[in-house]
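The values are calculated or read from the model by the stated rules, or taken from the named source; none is laboratory data. Everything numeric in this text was worked out from a predicted model, so none of it was measured. Here Cβ is always computed from backbone atoms with ideal geometry, including for glycine, and neighbour counts include all displayed protein chains. These accessible areas exclude ligands, DNA and RNA; they are computed on the full protein's heavy atoms, side chains included. Shrake-Rupley method; radii C 1.70, N 1.55, O 1.52, S 1.80 Å.
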Amino acid sequence: MLTQGVVVKVYGGFYYIRAGNAVWECVLRGRFRIGQQRVLVGDNVEFIIQNERSGIVETVFPRRNALLRPRVVNVEQAVIVLATRNPYPNPLLLDRFLIQAKDAGIRAYIVFNKIDLGTGEVQELAAMYGKIGYSVFLTSAKEKTGTDKLREILSNGITVLAGPSGVGKSSLLNAVSPGLMLKTGAISGKAGTGRHTTRHVELLPLSEGGFVADTPGFSKLGLPEVDRVELAGLFPEFEPYIYACQFTGCLHMQEPGCAVKEALQAGEISSMRYKNYLRLLNEIAGRERRYLK
Ligand SMILES: Nc1nc2c(ncn2[C@@H]2O[C@H](COP(=O)(O)OP(=O)(O)OP(=O)(O)O)[C@@H](O)[C@H]2O)c(=O)[nH]1
Ligand SMILES: [Zn+2]
């Protein structure tokens, strides 16, 4: 009999497949090993149950998307977590995560956690990101405020959770799904025993349904493989202007007749986001120069 399931871990030549409340250690039917198709975490598959522990993968269903870092497919959404303080939010890092999600075609949500420590500076950031179309949530994992909404979002499909160390990602997951019992605490206290000592991605099932990819998330220094001209398209609030620029291939720096710069001067585009755009543009330019050498 064929059973449908989701690949939650790939390790040591085995594919761990969850169906309902159980996980089977599976191998692939021979033909998968010959062809190009690799089976990845997040794949929806059909498998034959051999006994209560093991099975054989028979079918891999088509994927809707694929992330490279972390290596997860069929991602429903990315949730990017920052803290109001301890550590203070880093908007450049946030923008890096947001453009990686946008490039992969994955919807991104922004969470500012630790609002019990105050919301001062974060209010303005939250309003700005809200205005350009992102859904922003203010939470306190400690006081369990705002976590119901998060639970609702996470219950839907596979979520990649990203964000710097110490912002409260594990604490939020524990608040959303207490059964997970993830380790939290001071960064040093977790060293060596933390969740992220391994490079293997694993999907954690949440009590209300849905999976979270337990991984360091998008690379903190990562940039999508786009060229300089494409970068502006990953900033959704730039999008309405980029086609109005005088020059095709405008990089929105010093070119005459640049509609993006005009929108910036008119206050339609946040100067912080524009500054981050220039920083990332510079990085991409550096990468392109390296390729040419
Ligand atoms: N005041 C306050 N502290 C929090 C909150 N959420 C988490 N913390 C604390 O922040 C610290 C880091 O929390 P973690 O959940 O381990 O953070 P993390 O993002 O999973 O960290 P990494 O595993 O290193 O990526 C811990 O000491 C938590 O108790 C919150 O809402 N309010
Ligand atoms: Zn321009």
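What to note about this one:
- The angle between the Cα long axis of helix 120-131 and the main principal axis of the chain comes to about 90°, on a 0 to 90 degree scale.
- Accessible surface of the stretch 228-292 [probe 1.4 Å, protein heavy atoms]: carbon and sulfur percent: 53
- Radius 12 Å from Cβ of Glu255, net charge of other residues (Lys, Arg +1; Asp, Glu -1): 0
- Protein accessible area in the stretch 2-60, 1.4 Å probe - carbon and sulfur %: 48
- Helix 271-292 and the longest principal axis of the C-alpha atoms of the chain enclose an angle of approximately 70°.
- Prolate/oblate/rounded label for the chain (Cα gyration tensor, a/c 1.5): oblate
- Label-to-label distance, nm, for residues given as Arg289 and Leu180 (7 Å Cα→Cβ offset): 4.1
- Accessible solvent surface per residue of the chain, calculated while the other protein chains remain in place, 1.4 angstrom probe, Å²: 51
- Farthest positive-ward along the stretch 66-214 dipole, Cα basis, beta-carbon charges - from Ser177, Ile153, Val73: Val73
- Filter on Lys9/Lys149; Lys149/Lys169; Lys102/Lys261; Lys114/Lys149 - keep pairs with C-alpha separation over 19 Å: Lys9/Lys149; Lys102/Lys261
- Applying 1/(1 + (r/R0)^6) with R0 = 22 Å to the Cβ-Cβ distance of Asn51 and Gln4 gives a FRET efficiency near 0.75.
- Its DSSP H runs of at least 4 residues, each contributing -39,500 (n - 2.57), put the calculated 222 nm mean residue ellipticity of the chain at -8500 deg cm²/dmol, to the nearest 500.
- Between the beta carbons of Thr248 and Glu121, assuming R0 = 35 Å, the FRET efficiency works out to 0.35 to the nearest 0.05.
- Global geometry of the stretch 66-214, whether rounded, prolate or oblate, following the gyration tensor of its Cα atoms and the 1.5 cut on a/c: rounded
- Computed lengthening from Asn86 to Asp148, 0.36 nm per intervening residue step minus Cα-Cα distance: 20.0 nm
- Along the chain, the exposed loop sites are chymotrypsin sites (Phe, Trp or Tyr not before Pro) outside DSSP states H, G, I, E and B with at most 16 other Cβ atoms within 10 Å, and the longest stretch free of them is 1-242.
- Charge dipole (debye, nearest 20) of the stretch 66-214; +1 at Cβ of Lys and Arg, -1 at Cβ of Asp and Glu: 340
- With pairing defined as another cysteine C-beta under 4.7 Å, the cysteines of the chain that fail it are Cys26, Cys258.
- Sites excluded, GluC sites (Glu not before Pro) in DSSP loops with at most 16 other C-beta within 10 Å, longest stretch of the chain: 53-142
- The stretch 129-187 and the stretch 4-28 have their alpha-carbon centroids 26 Å apart.
- In order along the stretch 68-74, phi translates into HN-Hα couplings of 8, 10, x, 7, 9, 10, 6 Hz, rounded to whole numbers, per the Karplus curve 6.51 cos²θ - 1.76 cosθ + 1.60 with θ = phi - 60° and x for Gly and Pro.
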